[in-house]
Amino acid sequence: MMAPGTSDDVPSCACKGVRRCLVCEGLKEKVQPEASESKIVHHFLYDPQSRLAVGKDAQAASFPFSGVFLWENFISEEEEKELICAMDQDVWKESQSGRRKQDFGPKVNFKKKKVRVGGFSGLPALSHKLVLRMCQESTLAGFQPVEQCNLDYHPERGAAIDPHLDDSWLWGERLVTINMLSDTTLTMSLELGLPELGLTGEVHVAVHLPRRCLVVLYGEARHIWKHAIHRKDLHIRRVCSTYRELSAEFLPGGQQADLGAQLLNIALNFQGSPV
């Protein structure tokens, strides 16, 4: 199902400011600004077995890279088909940088730090068994998602997501994502480098995400390293579902515990539709 505002003849996008996709680059002659000076970037690959960032350059030393947990084949091929079929029966809304999205969560104004129920009716029914499964892993013990965001990436639209840190006022410690339809690369970046390791330029760590895997970001990978999906790393359609939990402010003992309890009660009925 195509997103609202899209027709067969006139493609549209929802890019604002510096955000861009192939659609608006073509229609608005919007091009990527050139960097004023070339940057030094040190490239590493994440090894999930050793949990090390391994230098692509043989001379670069490896270093521990904490805060990433990978669960390969978290869902089966049949589950993947069922999930994608269900998503495609709902409306995909235009989002920035060529993405389309479906939100299952409260209405949030992050700048003003305001949150309300809005049209939130819960997480989707098919997520119930997935949440029960992921909570069996010790890294996700006690995980109670209050929001699910489905993102649809099409390479013909130049879909991507720029390096960013997720909010930590409303969202809690663990970010959980299920990667579907294609392998891709999650690029972790640290602009200030790692001078203690002699890395004075920007540092990138490429985390390979196999199709149907689950990835968790927590700790330093959640709060210090930015994460991105670059256009060059998408070759066929990719869909992901990201689940977020509440921060301490919205949990028992927090200033907004009552609101948090209300949101969790709605989320975990698993009867929701996109807002």
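The values are calculated or read from the model by the stated rules, or taken from the named source; none is laboratory data. Because the structure is a prediction, the values reported are computed rather than measured. Neighbour counts run over all protein chains shown; Cβ positions are idealised from the backbone, glycine included. Side chains are part of the model used for accessible areas, which takes the heavy atoms of the whole protein and leaves out ligands, DNA and RNA. Shrake-Rupley method; radii C 1.70, N 1.55, O 1.52, S 1.80 Å.
Total residues in region 120-145 satisfying the condition of being surrounded by 12 or more Cβ atoms within 10 Å (Cβ to Cβ) and small (Gly, Ala, Ser): the figure is 4.
Residues that are crowded, with 17+ Cβ neighbours inside 10 Å and in a helix (DSSP H, G or I) do occur in region 147-169, at least one of them.
Any residue at all in region 99-110 that's surrounded by fewer than 17 Cβ atoms within 10 Å (Cβ to Cβ) and among the aromatic types (Phe, Trp, Tyr)? Looking through region 99-110, at least one residue is surrounded by fewer than 17 Cβ atoms within 10 Å (Cβ to Cβ) and among the aromatic types (Phe, Trp, Tyr).
Of all the criteria given as (1) in contact with a Phe, Trp or Tyr (Cβ under 6 Å, 6 or more places away or on another chain); (2) charged (D, E, K, R); (3) not in a strand (DSSP E or B), the one not satisfied by residue 173 is (3). When 165, 170, 151, 175 are screened for being hydrophobic (A, V, I, L, M, F, W, C) and farther than 27 Å from residue 231 by Cβ, only 170 passes. Taken over region 84-93, residues that are open to solvent by less than 40 Å² (accessible area, probe 1.4 Å) and closer than 13 Å to residue 149 by Cα amount to 2. Applying a threshold of 8 Å to beta carbon distances and a minimum spacing of six or more residues, or different chains, the list of pairs starting in region 136-165 at a residue that is farther than 22 Å from residue 104 by Cα and ending at one that is modelled with pLDDT of 95 or more and of a type in the set (S, T, N, Q) reads 163/187; 163/189.
Taking the numbered list (1) touching a helix residue (DSSP H, G or I) at 6+ places or on another chain (Cβ under 9 Å); (2) surrounded by fewer than 16 Cβ atoms within 10 Å (Cβ to Cβ); (3) touching a residue at least 40 places away in the same chain (Cβ under 8 Å) in turn, residue 227 passes all entries but (2). Considering (1) crowded, with 20+ Cβ neighbours inside 10 Å; (2) under 29 Å from residue 91 (Cβ atoms); (3) basic (Lys, Arg), the lone condition that residue 222 does not fulfil carries the number (2). On inspection, residue 211 does not qualify as among the basic types (Lys, Arg), modelled with pLDDT under 95, open to solvent by 10 Å² or more (accessible area, probe 1.4 Å) and within 19 Å of the chain's Cα centre (by Cα).
Within region 170-199, the set of residues being at pLDDT below 95 and buried (at least 18 other Cβ atoms within 10 Å of the Cβ) comprises 199 only. Would you please name the residue that is surrounded by the most Cβ atoms within 10 Å (Cβ to Cβ), looking only at residues in region 39-68 that are more than 22 Å from residue 217 (Cα to Cα) and basic (Lys, Arg)? Per the criteria, the residue is 56. Scanning region 230-246 for residues that are surrounded by fewer than 18 Cβ atoms within 10 Å (Cβ to Cβ) and not β-branched (Val, Ile, Thr), we see that the one that is nearest to residue 149 (Cα to Cα) is 237.
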